[in-house]
Structure formats: structure tokens, C-alpha cells
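Nothing in this text is a laboratory measurement; each read-out follows from the coordinates by a stated rule. These numbers come from a predicted model, not from an experiment. Glycine also receives a Cβ, built like all others from the backbone with ideal geometry; neighbour counts cover every protein chain displayed.
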Amino acid sequence: MIITPLMWKSLDRFSHYFNHFWKNPIEWDVKRKMLVFTPISRKLKIWMVSIVLTIILNATSLLMLMPEILGFTDVHFANVVLYLVWLGATSSTLTLEILQEKVRLQGSTALPG
């Protein structure tokens with residue numbers, strides 16, 4: 001895979017915009033053009049809380065949908081769609097965070113190019 005200048009710029013912008021949020025396990029170092037891994041510590045406390053809340057929200061969404069799926073109750077279509085959209089968004093977020101941690105554990109720190 002060829003890394004283009006546009007890809008480097010997008011990683012630099014990603015780093016700039018996400019500096020305003022809490023610390024993440026994987027961050028982009030603009031000067032060295034490398035992914036920097038933050039070990040589990042107190043710096044990642046807010047990130048860990050957000051992951052736990054995401055898991056709780058997924059479980060809640062599934063618990064709210066199960067009676068509708070199993071036919072025990074009748075939930076309005078708009079509510080079902082809202083639950084499914086919320087479940088999809090939180091599931092994709094959680095999946096990306098898990099993949100990010102897996103990459104960190106494999107030790108890949110630099111992009112080729």
C-alpha cells in the first residue's frame with residue numbers, strides 16, 4: 001500500500017482534532033509520523049469509563065429490543081429504528097476500540113512508506 005501525502009495530512013488533522021478529547025490508547029505523533037501507544041494507566045481512566053458506558057448502552061438497547069423481537073410487546077416502529085441505529089453506532093464504536101487495542105498489543109507502531 002502506498003501512503004500518499006493526503007493520507008499523512010489526514011492523520012495530522014486527526015491528531016490535531018482529537019487532542020481536544022481524552023487520552024486514547026493509540027495516538028498519532030505528527031513529528032515522528034508514528035502511532036504512539038499509551039499503556040493502561042490513570043491517563044486512560046476517562047477512556048475506560050467511556051468503553052464501559054458503551055457496553056452498558058449496548059446491553060440496554062438489546063434488552064429494550066428483545067421483547068419486540070420475541071413478540072411479547074408491541075413497540076412503535078420509530079422506537080425500534082431508534083434503538084437499532086443507537087445499537088449500531090455504539091457497536092461499531094466498541095468494535096473499533098477493540099481493534100485498536102488488538103493493534104496495540106501486536107506492537108505495530110509505524111505505517112509503511
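Here are the numbers:
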read-out	value
Residue among LEU94, LEU82, LEU53 with the largest mean-square fluctuation in a Gaussian network model of the chain, springs linking Cα atoms under 10 Å	LEU82
18 Å cut-off, amide nitrogen to a point 7 angstrom out along VAL80 Cα→Cβ, residues in region 33-68	61-68
The chain - mean residue ellipticity at 222 nm from DSSP helices (-39,500 (n - 2.57) per run, n ≥ 4, rounded to 500)	-22000 deg cm²/dmol
Max mean-square fluctuation residue, GNM over the chain, Cα-Cα springs under 10 Å, options ILE26, ILE51, ILE40	ILE40
Distance (nanometres) between label positions extended 7 Å along Cα→Cβ at GLU101 and VAL52	1.3
Calculated over region 1-47: convex hull of Cα atoms, volume per residue (Å³)	83
In degrees, nearest ten, helix 77-106 long axis to first principal axis of the chain (Cα)	30
Loop-exposed chymotrypsin sites (Phe, Trp or Tyr not before Pro) per DSSP, neighbour cap 16 Cβ within 10 angstrom, longest uninterrupted part of the chain	23-71
Nearest-ten-degree value, helix 45-70 long axis tilted from longest Cα axis of the chain	30
Alpha carbon Rg of region 5-106, scaled by the compact-globule rule 2.2 N^0.38 Å	1.41
